[in-house]
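Student: Below is a structure I'd like to ask you about.
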Amino acid sequence: MKARTHHDIILWIIGFIFFLLLLLKFTIPLLRFGSVPLGYDAGIYRYLFVHYENVFPFVPQLPDWAKEHPPGLFFLSTLLLQTGIPVEWLTGWLWNVFVVGLGCVLSWIIGKRWGAGVGVATLLCFSLSQAYYDGFVVMYWKTCVALLLMALTFHFLERRSWWAPVTIAAVLMTHHQTGLLLILVLGTWFVRWFRRELVVREVLRGIRIFKKKGYLRFEYVSLGLAVIGLALFYYIPVIQEAIFRHIPKLLEGWDAPGGSFPEPSFYIRLTGILLLFGIAGFVRSLKEERGSLWQIAVLWSAVFVVFHLMFYRRFYLQLDFFLLPFAGLFLWWAWHRFSNIHIRVLLVALVLLQGVVSFRAAWQRIPNVDAATFHVIRSLPSGLPHDATIIALEDQTAILLRGWLPFHHVGGPGLFELSWSEEEWENFLLGSPAERRPYFERLKDPTFFFISPYFRSYYGERAETFLRDPCLERTEHPYLMYSICFP
């Protein structure tokens, strides 16, 4: 008993060390860059956080590009914002803490399933994963919340908890790609493990329990149907934009859009050791069980990545997420299976090598805009007319402007409220004053152009030529120029 207690204490200490390592990795950007977001999506999320909170409990009237985002996350964020927390927390330190918490929750679930040692090893694997860190860098709020809910769904289903339908619905309302993965996993799982008689028996048992507890009384059923009807009335149009219109893309096969995430080959080169641990752990798990939810999730994620199905690049994040527990399983098994000192030293050396590579790659992730530019963007709302249009001349600042000017008109190259083609943008930026004038005359008064340092450095002398256009007038603000040519 004493030996067991001693073993548990050592395991808790190691787990705490791995937690601090994970916390350090995901909070270093706060110390290095402050509140400056690392990726593009911070601006999009802030725009949606603000608009959903502004019309709570209804769904806001959104432009087409914003309707692609399911409302689940923004319902949760609105509940938080209603308590009085500032929206900057959601695009700042709360995001750093959330991804650390997600790693801890999955490690806890795996610890309950395969033992505390495997849970601790899984926590280590989270700190080694570059794909998981890159999901944090680009601020994939919807994906990570959906993965949390999906992991909880697996946990509840395996424990036969009535919370499972709640988390399943929440996944479908939060992220369409992860929701699609969940549907495929559950469909395969039900076909694999449940016979029709068992399903019917469980449904009838559930009805008897509900009837015994009085939940099938008329007033409860009526209230439930009313809530479902209200949810469908408000949320089905958003879900239609977010999910249904993407189904044809799934059938495009190898030519389907890959999504904005690095190629899987990048992660194979960078975190190949961790990937091999995961594959070895997956194969090892087949000796103990076959057809578990966790195994099926890995297989379906791999199908999307290997066969280049819809948004296959982004599905590498799901593949990595569900492989990490198997990597932890392999590490724990290998450490206890091989007592030879040379093999253990080799195992530690591989982990350290993967750690050095991963932390070095994480250190190289820097914000798209510098702190000075971000400070300017945050200070703009107080000095602009409420009906003003602000146009960025490159995409990096356009997305941040969209988030920090949620109630103004914002445009950028191929973005938001300025639907110019690529050829039109090229003519506008690189053409002569005579060629540019018709584009200026298509704008509404007042219109301002945001002149970022990135625009100046990227276009060089051509940027200076553009800024000398007679249709542009300098303002008191060093980053803004005013359009004075209107029809």
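Student: In the set 401, 317, 380, 384, which member is open to solvent by less than 10 Å² (accessible area, probe 1.4 Å) and modelled with pLDDT under 90?
Tutor: 380
Student: Quick one: in the stretch 431-472, of everything that is in contact (Cβ under 8 Å) with a residue 12 or more places away in the chain and among the polar types (S, T, N, Q), which residue is nearest to residue 394 (Cα to Cα)?
Tutor: Across the stretch 431-472, the extreme among qualifying residues is 452.
Student: Among 26, 58, 19, 33, which is touching a residue at least 12 places away in the same chain (Cβ under 8 Å), surrounded by 13 or more Cβ atoms within 10 Å (Cβ to Cβ) and farther than 15 Å from residue 95 by Cβ?
Tutor: After ruling out the rest, the residue left standing is 19.
Student: On the basis of being acidic (Asp, Glu), more than 29 Å from residue 31 (Cα to Cα) and open to solvent by 60 Å² or more (accessible area, probe 1.4 Å), does residue 395 make the cut?
Tutor: Considered against the rule, which asks whether it is acidic (Asp, Glu), more than 29 Å from residue 31 (Cα to Cα) and open to solvent by 60 Å² or more (accessible area, probe 1.4 Å), residue 395 comes out as no.
Student: Looking at this structure, is residue 82 of a type in the set (S, T, N, Q) and modelled with pLDDT under 90?
Tutor: Considered against the rule, which asks whether it is of a type in the set (S, T, N, Q) and modelled with pLDDT under 90, residue 82 comes out as no.
Student: Ok, one more. Hey, can you tell me all the residues within the stretch 61-97 that are surrounded by 14 or more Cβ atoms within 10 Å (Cβ to Cβ) and more than 19 Å from the chain's Cα centre (by Cα)?
Tutor: 62, 81
Student: Residues 346, 401, 415: which one is more than 30 Å from residue 151 (Cα to Cα), of a type in the set (A, V, I, L, M) and in contact with a Lys or Arg (Cβ under 9 Å, 6 or more places away or on another chain)?
Tutor: None of the others qualify; the one that does is 415.
Student: Being open to solvent by less than 60 Å² (accessible area, probe 1.4 Å) and at pLDDT 95 or above narrows it down to one of 325, 367, so name that one.
Tutor: 325
Student: A further question follows. Are there any pairs, at least 6 apart or on different chains, whose C-beta atoms fall under 7 Å, with the first in the stretch 409-420 and touching a residue at least 60 places away in the same chain (Cβ under 8 Å) and closer than 14 Å to residue 442 by Cα and the second part of a strand (DSSP E or B) and open to solvent by 50 Å² or more (accessible area, probe 1.4 Å), and if so, which?
Tutor: Listed by first residue and then by second, the contacts come to 417/409.
Student: Ok, one more. Hey, residue 160 hits all of (1) touching a residue at least 60 places away in the same chain (Cβ under 8 Å); (2) open to solvent by 30 Å² or more (accessible area, probe 1.4 Å); (3) not in a helix (DSSP H, G or I) but one; which does it fall short on?
Tutor: The number of the failed condition is (1).
Student: Right, next: Taking the stretch 443-457, which residues are within 29 Å of the chain's Cα centre (by Cα) and open to solvent by 30 Å² or more (accessible area, probe 1.4 Å)?
Tutor: Within the stretch 443-457, 453, 454 meet the criteria.
The values are calculated or read from the model by the stated rules, or taken from the named source; none is laboratory data. Quantities reported herein were computed from a predicted structural model and do not represent experimental measurements. Counting neighbours? That spans all protein chains shown, and the Cβs are built from the backbone with ideal geometry, glycine included. Quick note on the areas: whole protein, heavy atoms, side chains included, nothing else; ligands and nucleic acids left out. Shrake-Rupley method; radii C 1.70, N 1.55, O 1.52, S 1.80 Å.
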